[in-house]
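Just below is one structure, and these are the notes that go with it.
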Amino acid sequence: MCGIVGFYSKKHSQEERTAIVRAAAARIASRGPDDSGTWVNADGLALGHRRLSILDLSPLGHQPMISPRTGNVLVYNGEVYNFAEIRSELESRGLHFRSTGDTEVLLAAIDEWGLEETLKKANGMFALAVWIAKDRVLQIARDRIGIKPLYYGWLKSGFVFASELKALFELEDFCLPLSSTATSIFFELGYITAPYSIFEDIFKLLPGTTLTLREVELSRTPDGFSPFKNSSARSPQSYWEVPKVHEGRPKNFEEAKEQLEHLIADSVALRSIADVPLGAFLSGGIDSSVVSAIMKANNSGSVKTFSIGFEEKGYNEAPYAKAIAEHLGTDHTELYLPADEALKLIPDLPLYFDEPFADSSQVPTTLLSRLTREHVTVSLSGDGGDELFCGYTRHPIAVNIWNSVKFLPGPIRNLLASGIRVLPMRTWAQIYDLLQPIFPRSLREMKYVGLKAHRLAEVLSSRSLGELYCTANTHWRPQYHPVPFQSARSVLTNYQLEKEFTEVYHYLTYLDLNTYLPDDILTKVDRASMSCALEARVPLLDHRIVEFSRSLPPEWCIHRGTQKVILRDVLQKYVPKQLFERPKKGFGIPIHQWLREDLREWGESLLSEEALPKDGLLNRQVIMEKWSQHQRNELQFHYPLWDVLQFQAWRKRWGSAISHE
């Protein structure tokens with residue numbers, strides 16, 4: 001695993017560009033502490049690399065790597081797991097190799113077949129840039145699922161790209177205004193969906209795409225460019241997309257289960273190839289348990305697993321992980337972290353997540369990565385199972401609610417919603433308190449009634465399942481948005497897309513696979529693991545498993561209240577049911593409680609009049625009203641408030657990169 005950076009500039013000498021790209025790469029040294037390299041040509045292009053040595057630890061894996069055949073130059077972050085297969089095919093064509101790693105194979109494949117055909121053959125996670133010497137073009141690419149990040153765009157001096165934004169902050173003309181669209185998205189979701197980034201004119205390359213730029217297009221944004229894939233000849237081009245539905249459905253459930261187990265076993269085996277110590281995250285949940293179980297079953301040696309626990313009741317899954325580890329016979333390491341250890345990390349989060357990011361599970365994920373890195377350099381992770389096999393409780397909840405209200409005519413639903421909104425949340429709570437004695441016993445202990453009433457109004461106003469699903473997962477609603485609300489182009493807002501699906505669960509998981517998974521979950525895992533030079537590999541997101549999951553009928557994934565049915569059945573072959581059958585929990589922390597107690601002073605320091613930006617971007621009145629309601633326990637509003645605090649902490653850390661012109 002590594003970090004890459006590059007830029008094009010005519011205004012600097014070759015020596016100056018070498019120094020700049022070396023300094024830019026140093027900003028992401030945690031991604032690659034083992035080696036560094038630069039390549040600069042006479043025409044303005046500079047490439048930088050930081051290496052975390054995983055395969056072929058010798059200097060033969062040094063990057064940037066130059067092809068002796070073509071002069072093509074590659075900088076590459078990631079792993080191509082099936083490189084041995086590709087290497088054999090190239091050797092049959094008369095090619096010879098000096099190293100035993102995947103970088104030389106990837107570069108030789110690009111020489112032989114071109115970038116797009118190479119990527120179609122590759123099974124892996126990666127972000128890369130390659131200078132095609134003969135054609136004088138620069139190509140950048142990102143893996144199918146979006147496991148590895150890649151930012152790019154144009155500054156006044158020319159084209160730039162990097163694994164992380166902080167590398168680009170080294171460039172003297174990186175001072176850009178915030179993207180109003182991205183800022184609005186962030187306060188809706190707690191993360192920023194690709195292709196947007198927090199800065200204007202800087203984008204995230206969409207998963208499964210390549211972008212090809214002629215040398216003349218490196219100095220300024222090409223005419224007709226759009227960051228959305230396949231929009232024009234000058235846009236990123238798809239070489240793979242998440243299938244809406246994949247052909248080749250298995251004949252029956254038992255056949256499907258066998259195929260899935262085989263695919264996972266092969267994926268785990270490929271991702272266990274390393275020349276450094278390797279282990280696995282084990283939370284005790286279904287996904288990480290499947291990965292760990294199959295890893296152990298197909299490994300004759302010791303398998304190391306890792307988990308962390310918290311002392312707070314309701315947030316500790318370490319005992320479940322330990323029980324599964326004992327059953328599997330793994331070499332298990334667990335660490336119980338007192339709250340103050342987690343709290344120490346929080347002010348430093350913007351250093352690792354260098355654009356606003358507010359999934360609070362970033363805290364335990366970072367702490368787990370640090371624990372794991374003390375023992376191994378590579379760790380397998382169970383991420384992806386929920387998106388592939390309908391594992392989120394929000395999936396059936398959204399479907400059930402929509403099925404309950406969709407029969408009411410739209411005008412009637414809108415009228416009911418308007419009637420609910422007439423009364424403030426506090427008034428609804430007061431009415432509930434007044435009428436509570438006459439309610440059935442089952443309804444007498446409800447909390448946050450006002451908030452739930454207004455959420456019901458939003459559900460009633462939804463015109464489709466997709467709109468309901470997106471609204472239900474939005475943090476700050478448009479009516480009390482802390483920044484000017486701006487709708488964004490996304491699969492989340494393309495409600496017409498729903499008509500292209502015959503199965504509602506295929507539609508909901510398609511939304512997750514294209515947004516929440518790459519832009520939240522995988523962003524979190526990448527930044528948390530790379531902050532301590534740990535390579536995290538995700539076997540369940542092998543593209544073959546993704547395609548297979550899209551062929552399954554929904555009832556093989558979710559049936560009579562049970563979710564991830566087929567994955568549970570695979571796991572049951574290795575682990576007794578009683579060790580993993582329990583209500584789903586997220587990998588979370590008691591952030592609602594901490595904001596009222598341990599983090600209150602920190603939070604209020606970021607919300608003071610002095611701390612809030614003088615540009616008036618944030619609506620302090622709205623924010624402080626919700627903060628006060630949360631402190632009084634009138635509202636459980638921790639996720640939206642966490643968005644604000646992470647945004648403020650990010651601005652405090654990286655404000656010098658923001659232009660206010």
For this session: Being touching an Asp or Glu at 6+ places or on another chain (Cβ under 8 Å) and modelled with pLDDT of 90 or more narrows it down to one of Pro590, Pro576, Pro553, so name that one.
Result: Pro553
Problem set entry | Identity of the residue in segment 123-153, among the β-branched types (Val, Ile, Thr) and under 16 Å from Gln237 (Cα atoms), that ends up surrounded by the fewest Cβ atoms within 10 Å (Cβ to Cβ) | Val137
For this session: Would you check if Asp615 is among the acidic types (Asp, Glu) and surrounded by fewer than 15 Cβ atoms within 10 Å (Cβ to Cβ)?
Result: yes
Seminar exercise, completed: Scanning segment 37-83 residue by residue, those surrounded by fewer than 20 Cβ atoms within 10 Å (Cβ to Cβ) and basic (Lys, Arg) turn out to be Arg69
For this session: For segment 597-620, enumerate the residues that are more than 18 Å from His475 (Cβ to Cβ), modelled with pLDDT of 90 or more and not acidic (Asp, Glu).
Result: Arg600, Trp602, Ser605
Exercise. If you go through segment 430-456 one residue at a time, how many are farther than 13 Å from Gln636 by Cα, hydrophobic (A, V, I, L, M, F, W, C) and either touching a Ser or Thr at 6+ places or on another chain (Cβ under 8 Å) or at pLDDT below 75 (or both)?
Worked result: 4
Exercise. Within the set of pairs 6+ apart or on separate chains, which have a first residue in segment 409-428 that is more than 21 Å from Tyr480 (Cβ to Cβ), a second that is modelled with pLDDT of 80 or more, and C-beta atoms under 7 Å apart?
Worked result: Gly410/Arg463; Arg413/Val405; Arg413/Leu460; Arg413/Ser461
For this session: Identify, from the list Lys120, Lys156, the residue that is of a type in the set (Lys, Arg), surrounded by fewer than 21 Cβ atoms within 10 Å (Cβ to Cβ) and modelled with pLDDT of 95 or more.
Result: Lys120
Exercise. In segment 494-503, is there at least one residue being touching a Pro at 6+ places or on another chain (Cβ under 8 Å), within 30 Å of Leu263 (Cβ to Cβ) and at pLDDT below 95?
Worked result: yes
Problem set entry | Pairs, first outside the structural domain of Leu345 (by TED's automatic domain parsing) and at pLDDT below 95 in segment 370-382, second charged (D, E, K, R) and buried (at least 24 other Cβ atoms within 10 Å of the Cβ), C-beta under 7 Å, six or more apart | none
Exercise. What about Thr193, is it part of a loop (DSSP other than H, G, I, E, B), in contact (Cβ under 8 Å) with a residue 60 or more places away in the chain and buried (at least 23 other Cβ atoms within 10 Å of the Cβ)?
Worked result: yes
For this session: For segment 394-431, name all the residues that are within 29 Å of Lys564 (Cα to Cα) and over 37 Å from the mean Cα position of the chain (by Cα).
Result: none
Exercise. Of the residues in segment 209-228, how many are polar (S, T, N, Q) and either free of Cβ contacts under 8 Å to residues at least 24 places away in the same chain or not in a loop (DSSP other than H, G, I, E, B) (or both)?
Worked result: 4
Seminar exercise, completed: Those strands (runs of 3 or more DSSP E) completely within segment 272-361 that have 1 or more residues that are among the hydroxyl-bearing types (Ser, Thr, Tyr) are 304-310, 331-337
For this session: Within segment 630-661, work out how many residues are at pLDDT below 90, assigned to a helix (DSSP H, G or I) and closer than 16 Å to Leu617 by Cα.
Result: 1
Exercise. Looking only at residues in segment 196-208 that are under 10 Å from Ala182 (Cβ atoms) and part of a loop (DSSP other than H, G, I, E, B), which one is farthest from the chain's Cα centre (by Cα)?
Worked result: Glu200
Problem set entry | Matching residues in segment 469-489 - criterion: being at pLDDT below 85 and within 19 Å of the chain's Cα centre (by Cα) | Ala488, Arg489
Exercise. Restricting segment 6-24 to residues that are under 18 Å from Ile202 (Cβ atoms) and among the aliphatic types (A, V, I, L, M), which is surrounded by the most Cβ atoms within 10 Å (Cβ to Cβ)?
Worked result: Val21
For this session: Kindly check whether there is at least one residue in segment 170-180 that is out of contact with any Leu (no Cβ under 8 Å at 6 or more places or on another chain), more than 17 Å from Glu217 (Cα to Cα) and either among the basic types (Lys, Arg) or buried (at least 23 other Cβ atoms within 10 Å of the Cβ) (or both).
Result: no
Exercise. Name the pairs: first residue in segment 383-399 and closer than 20 Å to Ser551 by Cα and touching a residue at least 40 places away in the same chain (Cβ under 8 Å), second residue of a type in the set (Ser, Thr, Tyr) and in a loop (DSSP other than H, G, I, E, B), Cβ to Cβ under 7 Å, at least 6 apart or on different chains?
Worked result: Asp386/Tyr392
Exercise. Which of the helices (runs of 4 or more DSSP H) contained wholly in segment 488-592 include at least 1 residues that are buried (at least 18 other Cβ atoms within 10 Å of the Cβ) and either in contact with a strand residue (DSSP E or B) (Cβ under 8 Å, 6 or more places away or on another chain) or in the same structural domain as Tyr151 (by TED's automatic domain parsing) (or both)?
Worked result: 504-514, 522-530, 565-572
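The values are calculated or read from the model by the stated rules, or taken from the named source; none is laboratory data. Treat the numbers as computed from the prediction; the structure is a model and nothing was measured. Reconstructed Cβ throughout: ideal geometry from the backbone, glycine too, with neighbour counts over all protein chains shown.
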